[in-house]
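One structure is given below, encoded as structure tokens.
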Amino acid sequence: MQKINRNVVLALLSLTSLVFLLFQLCYYKFYLSQKNGAAFSKARGSQSGQDSTRWHVVRKFLGLISSHNIPVYLIDPLILGLVDKDIEQIRSSPDGPSPECKYFCAPRDFTTFALLDKTWKHDAGLFRTAEKMGFQWLKIINKDPRLDGMDDLSGMEIPLHYIFKLASHAIHLVVFYERSGNFLWHGPLRLKQHMDRKFVPFRKLHFGRYPGAYEKPELLLVSIDDLKVQIPKNPSSFLEEMSHSRFLECRYREARAFFQLYPDDASLDAVEFRKKAKSLLHLAALTLNNLGVKFWLSSGTCLGWFRQCNVIPHSKDVDLGIFIRDYKADIIPAFQKAGLPLKHKFGKVEDSLELSFQGEDDVKLDIFFFYEEDDHIWNGGTQAKSGKKFKYLFPKFTLCWTEFVELKVHVPCETLQYVEANYGPEWKVPVKTWDWKSSPFNVQDNGIWPIDEWDNVIQIY
């Protein structure tokens, strides 16, 4: 009898365990999965369940922002790279169902979208709706650099990034702002101390390691994996722009400290020169941009931006740098057509080329062409009366965007090293007497032009 009771008890325990296990499975499938978004409907096409999760998270996010009339567009580099290969087919394809999930099911931790700040008032209702849909969210804010200036460094805080997380996938929403230079800017993603650093793998984000600058994109509404979404009309151009988008702010705090030691020149002559220099720089930028020639602020103009956030009033010229690989024969006629006659042309494309154009009154535009060697970069100089050649050596550098006199322009990313190479460790101290042949710290003699080449390499107009 005891043996029978023991068997019955064991059987009842086994049955109870089985029932409990089935209850757990049902609970997870029909309750937790709906609450947390951990599992979705069967995979689309031939994709796995995990791939399908990404698609469903994107679909729910698009539904969320659509319900609040928030226009976003896709800037995810992985997806745009895939889309770019099929862009003509996507543009011409009907809106019918896709046979498989090809783009939004691609393996990745995030899908990245962009939002123009002026198109949304940051309604808190969005986040309440997001939570009801199962999303967890995080807002990253920081100071608005557009409000910084010589008179005010306070800068109110603005939202820069949003992260929406559901199940094993996250949406990164990057907020873009318009700058006075007529371009779009996004800020860095910097977590404050109280924020959960394990919320998502932040290091894998494509946007936010540093601020970025972009041209205003023309958008195209397309159907991708049965989802309606806006994308940059030319994905390859956007991806190229993204790879060189790093932005550097003007250093207003350091500039204020500089002017406390060396009061700014507010004379009428200084004001007039800065006005003319700004106009000349805008015209030069327009001309070179129309030619597709990349340039950057160089010499005294770069120093003025880095040290003073303004044009140095006693410099009397505007200085630009161009890599010789970007030289185009159309540069001279383009500037002449823009109303800037050629003042002089020294050197040749193969060696030490520099151009100078005459702007308004005595303000001139100097363009220096830079040559790359294995371990350094240099530009040349020529003394017209003697034919002597000079070489100015710089450590290798890359280019970043900045905003200067209401213009989006390039500067060397490694600005301090660039400035120190040219002006030495005392670059913070103003110098009003400057000899281009001997004053620069990086100048070297570079021989003499052969007399029989002078007619070609020393041209003064």
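The values are calculated or read from the model by the stated rules, or taken from the named source; none is laboratory data. Worth saying up front: this structure is predicted, and the values here are computed from it rather than measured. Heads up, the Cβs are rebuilt from the backbone with ideal geometry, glycines too, and the neighbour counts pull from every protein chain shown. SASA here: full protein model, heavy atoms, side chains in, ligands and nucleic acids out. Shrake-Rupley method; radii C 1.70, N 1.55, O 1.52, S 1.80 Å.
Some observations on this one:
- Mean ellipticity per residue at 222 nm, deg cm²/dmol - from DSSP H runs of n ≥ 4 across the chain, formula -39500 (n - 2.57): -9500 deg cm²/dmol
- Between the amide H of Gly424 and those of Phe441, distances stay under 5 Å, these residues lying 5 or more places away or on another chain, with hydrogens modeled in the peptide plane.
- Using a probe of 1.4 Å on the protein chains alone, the accessible area found for Arg91 is around 110 Å².
- A 1.4 Å probe over all protein chains sorts Asp151, Asp330, Asp319 by accessible area into Asp151, Asp330, Asp319, starting with the largest.
- Sulfur and carbon atoms: percent of accessible area, the chain [1.4 Å]: 54
- For segment 94-212, a/c is not less than 1.5, where a ≥ b ≥ c are the root eigenvalues of the C-alpha gyration tensor, and a/b tops b/c. That puts it in the prolate class.
- Computed accessible area, Thr129, all protein chains, 1.4 angstrom probe, square angstrom: 40
- Structural descriptor for the chain: relative contact order 11 percent, calculated from alpha carbon pairs under 8 angstrom and at least 6 residues apart.
- Acute angle (nearest 10 degrees) that the helix 2-27 long axis makes with the longest principal axis of the chain, alpha-carbon atoms: 40
- Less than 5 angstrom separates the built amide H of Cys250 from those of Glu403, all sequence-distant by 5 or more or on a different chain.
- Amide H contacts of Lys348: Leu353, each under 5 Å away and 5 or more positions distant or on a separate chain (H built 1.01 Å from N in the peptide plane; Pro and chain starts excluded).
- Residues Met156, Met195, Met133 ordered from highest to lowest accessible area at a 1.4 Å probe: Met156, Met133, Met195.
- Between helix 252-261 and the chain: long-axis angle, C-alpha atoms, 0 to 90°, nearest 10: 40
- Taking every protein chain into account, the 1.4 Å probe leaves Asp117 with about 40 Å² of accessible area, to the nearest ten.
- Taking segment 252-460 and dividing mean pair separation by its residue count, relative contact order in percent (alpha carbons under 8 Å, at least six apart): 19
- Diffusion coefficient, µm² s⁻¹, Stokes-Einstein with Kirkwood Rh over alpha-carbon pairs of segment 252-460 at 25 °C and 0.890 mPa s: 139
- Kirkwood hydrodynamic radius of the chain, from inverse mean 1/r over distinct Cα pairs, in Å: 26.3
- Hz values of 3J(HN,Hα) by residue in segment 330-347 - Karplus curve (6.51, -1.76, 1.60), Gly and Pro given as x: 6, 4, 4, x, 5, 5, 5, 5, 7, x, 10, x, 5, 8, 7, 9, 10, x
- In sequence order, segment 294-306 has phi-based couplings of 7, 9, 8, 5, 10, 6, x, 5, 5, 4, x, 5, 6 Hz under the Karplus curve 6.51 cos²θ - 1.76 cosθ + 1.60, θ = phi - 60°, and Gly or Pro positions carry x.
- Largest accessible area first, the listed residues Tyr103, Tyr262 line up as Tyr262, Tyr103 when surface is computed with a 1.4 Å probe on the assembled protein chains.
- Between the helical axis of 49-67 and the longest alpha-carbon principal axis of the chain there is an angle of about 70 degrees.
- Distance from the Cα centroid of segment 114-189 to that of segment 362-419 is 36 Å (rounded to whole angstrom).
- For segment 368-376, Karplus couplings with θ = phi - 60° (6.51, -1.76, 1.60), whole Hz, Gly/Pro x: 9, 9, 10, 10, 9, 10, 4, 10, 7
- Under DSSP loop assignment and at most 10 Cβ neighbours within 10 Å, longest GluC sites (Glu not before Pro)-free interval of the chain: 1-217
- For the chain, the solvent-accessible area works out to 52 Å² per residue, with a probe of 1.4 Å and every protein chain left in place.
- Relative contact order, percent, segment 50-245 [alpha-carbon distance under 8 Å, six or more residues apart]: 25
- In terms of its alpha-carbon gyration tensor, segment 373-422 comes out oblate; a/c meets the 1.5 threshold, while b/c is at least as large as a/b.
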